[in-house]
Amino acid sequence: MKTSFLIILIIFPCLFLYSQDPKLQTEKRVTSTIDSTNKKELVLIQEFIINVPLDSVWNAYTTKKGWENWAVALAEVDFKINGKIRTNYNKNGRIGDSTTIHLNIVNYVPKKIITLQAELTSNFPNFMKKDEKDLYNIISFENITTKKTKVTSYGVGYKNNPKYLSLMKFFISGNEKSYLNLITYLETGKRSINY
């Protein structure tokens, strides 16, 4: 079971953080849907609105301080095309150790979209390793008002088979909890999780 959670964390950062804010726990702030690109592939779409300006949300995704305030204990961010976001959930660990999560920044358009691709390690099951080149996380940012931002995350490359469908259940739940942590941090300035 421990390995399953590690796998989840590597592909999409910040997956099983829990929100401690009762208001956020009772209010449905994140919606998750599964769509298909064709019969063989699925897309996990997760959307939420944060009551803060777009700049604040963008900084949470693109800076070391941002990642460490809502997502992970340690982060190293080289935010540029072909750059990397390297994170670690272990506050006693270090960036570069065996528990480091490596995300490649494939491309981005400032304050509009980021495309990430995880580097799959030996902790991943074989069925995912063979599909590594197909797995992406595309995050779009939309300025709704001066104090409201919509974020949409597209998990692309899932295969439409029992192994991936089972794995998606973990991603849906874990991502929703993680996004609630982001919402809590940006709207209140407080971290829901301490490492």
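Rg and Dmax of the range 92-163, Cα atoms, in Å?
Values for the range 92-163 (Cα only, Rg and Dmax): 15.4, 45 Å.
I need the peptides 126-138, 99-111, 148-160 ranked by packing, meaning the mean over residues of other C-beta atoms within 10 angstrom, with the highest value on top.
With the highest mean Cβ count within 10 Å placed first, the list reads 148-160, 99-111, 126-138.
Assuming a viscosity of 1.002 mPa s and a temperature of 20 °C, what translational diffusion coefficient in µm² per second does Stokes-Einstein assign to the range 54-195, Rh being the Kirkwood radius over Cα pairs?
After rounding, the answer is 133 µm²/s.
Could you tell me the center-to-center distance, by alpha carbons, between the range 37-94 and the range 150-174 in angstrom?
The range 37-94 and the range 150-174 have Cα centres spaced 17 Å from each other.
Could you pull the accessible area for residue 58 with a 1.4 Å probe, rounded to 10 Å²?
Looks like 20 Å² after rounding.
The values are calculated or read from the model by the stated rules, or taken from the named source; none is laboratory data. Since the model is a prediction, treat every value here as computed from it, not as a measurement. Don't worry about glycine lacking a Cβ; one is built from the backbone with ideal geometry, like all the others, and counts go over all protein chains shown. These area figures cover heavy atoms from the full protein model, side chains too; ligands, DNA and RNA do not enter into them. Shrake-Rupley method; radii C 1.70, N 1.55, O 1.52, S 1.80 Å.
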